[in-house]
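The values are calculated or read from the model by the stated rules, or taken from the named source; none is laboratory data. Keep in mind the model is a prediction, meaning the values are calculated, not measured. Here Cβ is always computed from backbone atoms with ideal geometry, including for glycine, and neighbour counts include all displayed protein chains. Side chains are part of the model used for accessible areas, which takes the heavy atoms of the whole protein and leaves out ligands, DNA and RNA. Shrake-Rupley method; radii C 1.70, N 1.55, O 1.52, S 1.80 Å.
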Amino acid sequence: MRGLALSCLLAAPGLLGAQPAQPPIPKIYSCVTPDGRRLTSDRPIPECKGTEQIVHRNDGGVRTRVPPAMSPEERAAEELRQRELAAKRAALADAARHDRNLLSRFRSRTQHDQARQAALDDLVKATEVSHQRLRDLAKERRGLDEEAEFYKGRTLPAKLRQLFDVNDAATEAQRHFIEQQDAEKVRVNIRYDLELARLEKLWAGAAPGSLGPPPTARDVEAAANAALTASKPASR
């Protein structure tokens, strides 16, 4: 009997404290139409879709406000504004991540200077190889010139002309490569200069991401081109 009584108690939801489902709290909407009429309803009011509607609590207080529905043009403008805000937030996050990475790589001016010098050393070594190659080609050219003296006033043999052509092409290629390496040195220095200017502000306490977007490769290229143009002698 005691087991049966316990089963009955467990089966009776009211005895275990189960609460009946509460009916939804009614919402009261009110608004003023564009022509000045005050309307009230238990659902959104179509006449006021272009104006703000107020949702009231049971005591008459304001529960929330429903903004007016937007026109297609307004909706498009709002979507554009939201996209622009999202793009700005993403750019800010990217800048903050860039700055944190920069700070983790370079904790002092010394570390940054060492990184700059290492990048330049690689270019200097490559340039020196080309300079040595130019010296070798110049020596080779002197030998060809001496050989060509034997044919002064006569047509050079095809093989000798070919050797001159090969020497000229190789010399031009090395000079072009050296010019490229010199231009790359300018780019490296500009990139590190821009980076250092940003780091100095971060080391001084600027918050990551607060300095705006970091310089891009296009910014570096534009500054390098301007520097290279300024360094060229003016043509007369």
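Just a few scattered comments:
- Among (1) at pLDDT 95 or above; (2) more than 33 Å from the chain's Cα centre (by Cα) - the single one TYR192 does not satisfy: (2)
- Restricting ARG75, ARG63, ARG83 to residues that are out of contact with any His (no Cβ under 9 Å at 6 or more places or on another chain), within 23 Å of CYS31 (Cβ to Cβ) and not small (Gly, Ala, Ser) narrows the list to ARG75.
- Pairs, first touching a residue at least 60 places away in the same chain (Cβ under 8 Å) in segment 212-235, second of a type in the set (A, V, I, L, M) and open to solvent by 40 Å² or more (accessible area, probe 1.4 Å), C-beta under 7 Å, six or more apart: PRO213/ALA91
Residue by residue, here is whether (1) modelled with pLDDT under 90; (2) in contact with a Phe, Trp or Tyr (Cβ under 6 Å, 6 or more places away or on another chain); (3) outside any helix (DSSP H, G or I); (4) open to solvent by 100 Å² or more (accessible area, probe 1.4 Å) holds:
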residue	(1), (2), (3), (4)
ALA76	yes, no, no, no
ARG89	no, no, no, yes
LEU103	no, no, no, no
THR110	no, no, no, no
LEU134	no, no, no, no
LYS139	no, no, no, yes
ALA148	no, no, no, no
GLY153	yes, no, yes, no
ASP168	no, no, no, no
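- Summed over segment 188-218, residues that are assigned to a helix (DSSP H, G or I) and open to solvent by less than 60 Å² (accessible area, probe 1.4 Å) total 10.
- Some residue of segment 61-68 being open to solvent by less than 100 Å² (accessible area, probe 1.4 Å), in contact (Cβ under 8 Å) with a residue 24 or more places away in the chain and not charged (D, E, K, R): yes
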